[in-house]
Amino acid sequence: MTAANANRGFVVPESMQAWVLGNPDELTLVRKPVPQPGDAEVLVRIGAIAVCGTDLEVIRHGHPALIQGGQPFNKNFTPGHEYMGTVAGLGPGVDEYDIGDRVAVEIHAGCGRCERCREGMYTACLNYGMNYGDHDKGHRANGFTTDGGFAEYAVNNINTLVHVPGDMGDEEATLIVTAGTAMYGLDVIGGLIAGQSVVVMGPGPIGLMGVAVAKALGAQPVILTGTRADARRLGIGRQLGADHVVNVHEEDAIAAVRRITRGKGCHYVLECSGAPGALNDAARMLSRGGRICLAAFAQEPVPVDVAYLVSNNIYVFGIRGEGRSATHRAAALMAQKRFNAGLIHTHTFGLEEVPTAIRYARDRIDDAIKVVVKMAC
Ligand SMILES: [Zn+2]
Ligand SMILES: [Zn+2]
């Protein structure tokens with residue numbers, strides 16, 4: 001890399017604006033040093049970041065963030081994980097990316113040295129949060145165990161980056177990782193092929209991306225169920241390719257799936273609602289031998305009809321985040337314009353308005369689905 005290439009118009013300041021988490025639900029905009037990329041890392045100048053339901057959890061309850069072995073409060077920690085931006089600096093020896101490349105990110109780099117990371121399951125890293133003091137295994141999950149993206153800059157491992165096509169807007173690019181999570185869910189249930197039936201439960205961001213990805217992979221029919229009387233979300237589900245949408249306030253979801261599949265039940269269920277009865281309902285939507293992927297969780301333990309699962313040979317899987325490079329496969333579908341992820345982006349705010357953005361996402365103000373914070377250029 002030449003010296004001229006090293007800046008290419010990018011002047012990286014010494015300090016930056018960043019939101020940090022104080023007590024629960026307390027975010028403050030401060031100045032922090034711009035982080036330095038290490039081996040196999042780049043510095044990303046953040047262009048836009050989407051607010052995720054998990055951000056709301058972290059900011060209010062701490063979990064699943066883990067900073068210095070404990071709760072993330074009052075540790076100068078910057079949350080936020082669904083961002084995109086431009087490569088503004090390269091760690092030593094990095095030639096996989098160039099300064100000026102537009103990139104979107106995965107959240108988890110993992111540690112790269114444990115059994116699960118070696119298997120590509122870096123979202124289930126065995127050294128989660130082990131990146132401090134004598135415990136330092138180098139784990140990275142931005143916005144969870146390392147600083148995230150409600151800031152002007154962040155450092156990312158090269159394995160967490162994916163190129164963003166020139167004709168894709170910043171806001172849509174923040175949704176690549178959301179689509180990657182849906183893709184990972186369909187990956188783990190395995191062998192989704194054209195012509196097989198998929199039910200997606202819950203029209204939140206991951207559920208809606210689940211519809212889009214399943215359809216792009218040729219699934220048929222794709223059925224979306226909604227527990228809220230939310231015409232907007234179900235309507236967007238249709239635009240993203242759902243063959244049928246079921247408003248459970250109007251029709252029993254299990255009966256609807258049985259009707260649509262002519263009594264056979266479906267091949268797969270992607271459970272994105274977190275409703276207490278979701279697993280039992282999902283099992284009854286499936287044909288025998290069908291598969292469920294749980295991508296959302298209930299707020300408390302729920303009873304499960306194990307006898308039904310066993311006697312019908314139902315397989316149950318769970319995912320955390322976006323493993324096995326699923327984000328790359330989702331990004332490829334989006335680059336080919338197989339679906340318009342931008343349909344779920346509803347609101348945009350500036351960096352100084354992060355608390356407002358979070359309030360819109362949390363309270364679903366004005367029917368908010370995906371709220372994006374966009375940096376001023
Ligand atoms: Zn997220
Ligand atoms: Zn690991």
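See the values below:
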{"item": "Residue match in the stretch 205-216 (condition: assigned by TED's automatic domain parsing to the domain that holds residue 276, over 21 Å from residue 274 (Cα atoms) and at pLDDT 95 or above)", "result": "yes"}
{"item": "Residue in the stretch 171-181 that is more than 16 Å from ligand 1 (Cβ to nearest atom), assigned to a helix (DSSP H, G or I) and out of contact with any Cys (no Cβ under 7 Å at 6 or more places or on another chain) present", "result": "no"}
{"item": "Complete set of residues in the stretch 118-156 that are among the basic types (Lys, Arg) and under 18 Å from residue 79 (Cα atoms)", "result": "140"}
{"item": "Looking only at the stretch 178-191, and only at residues there that are surrounded by 23 or more Cβ atoms within 10 Å (Cβ to Cβ) and in contact with a Leu (Cβ under 9 Å, 6 or more places away or on another chain), the one that is nearest to residue 80 (Cα to Cα)", "result": "178"}
{"item": "From 288, 238, 262, 232, residue being touching a Leu at 6+ places or on another chain (Cβ under 9 Å) and either of a type in the set (Phe, Trp, Tyr) or surrounded by fewer than 18 Cβ atoms within 10 Å (Cβ to Cβ) (or both)", "result": "238"}
{"item": "Hits in the stretch 6-49 - residues which are assigned to a loop (DSSP other than H, G, I, E, B) and either on the phi > 0 side of the Ramachandran plot or β-branched (Val, Ile, Thr) (or both)", "result": "8, 9, 11, 12, 25, 34, 40"}
{"item": "Of residues in the stretch 57-76 being crowded, with 24+ Cβ neighbours inside 10 Å and part of a loop (DSSP other than H, G, I, E, B), the one nearest to the chain's Cα centre (by Cα)", "result": "65"}
{"item": "Test for residue 109: is it assigned to a strand (DSSP E or B) and within 16 Å of ligand 1 (Cβ to nearest atom)", "result": "yes"}
{"item": "Complete set of residues in the stretch 241-259 that are over 13 Å from residue 209 (Cα atoms) and crowded, with 21+ Cβ neighbours inside 10 Å", "result": "245, 246, 253, 257"}
{"item": "Contacts under 8 angstrom Cβ, first residue in the stretch 278-295 being assigned by TED's automatic domain parsing to the domain that holds residue 193, partner of a type in the set (Lys, Arg) and part of a helix (DSSP H, G or I), 6 or more apart", "result": "285/258"}
{"item": "Any hit, the stretch 324-346, residues being more than 22 Å from residue 64 (Cα to Cα) and in contact with a Ser or Thr (Cβ under 6 Å, 6 or more places away or on another chain)", "result": "no"}
{"item": "Members of the stretch 102-136 found to be free of Cβ contacts under 8 Å to residues at least 60 places away in the same chain and surrounded by fewer than 19 Cβ atoms within 10 Å (Cβ to Cβ), listed by number", "result": "112, 113, 115, 116, 118, 119, 126, 134, 136"}
{"item": "Some residue of the stretch 226-243 being farther than 28 Å from residue 54 by Cα and either assigned by TED's automatic domain parsing to the domain that holds residue 296 or in contact with a strand residue (DSSP E or B) (Cβ under 6 Å, 6 or more places away or on another chain) (or both)", "result": "yes"}
{"item": "Scope the stretch 116-138; condition closer than 17 Å to residue 188 by Cβ and either within 16 Å of ligand 1 (Cβ to nearest atom) or assigned to a helix (DSSP H, G or I) (or both); matching residues", "result": "116, 117, 122, 123, 124"}
{"item": "Subset of the stretch 85-106 [within 23 Å of the chain's Cα centre (by Cα), away from ligand 1 (no atom under 16 Å from the Cβ) and among the hydrophobic types (A, V, I, L, M, F, W, C)]", "result": "87, 103"}
{"item": "Odd one out for residue 335 among (1) surrounded by fewer than 18 Cβ atoms within 10 Å (Cβ to Cβ); (2) of a type in the set (A, V, I, L, M); (3) without any contact (Cβ under 8 Å) to a residue 40 or more places away in the chain", "result": "(3)"}
{"item": "Residues (on the phi > 0 side of the Ramachandran plot and either crowded, with 19+ Cβ neighbours inside 10 Å or outside the structural domain of residue 265 (by TED's automatic domain parsing) (or both)) located in the stretch 310-332", "result": "321, 324, 325"}
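The values are calculated or read from the model by the stated rules, or taken from the named source; none is laboratory data. Keep in mind the model is a prediction, meaning the values are calculated, not measured. Positions of Cβ are backbone-derived with ideal geometry, glycine not excepted, and every protein chain shown enters the neighbour counts.
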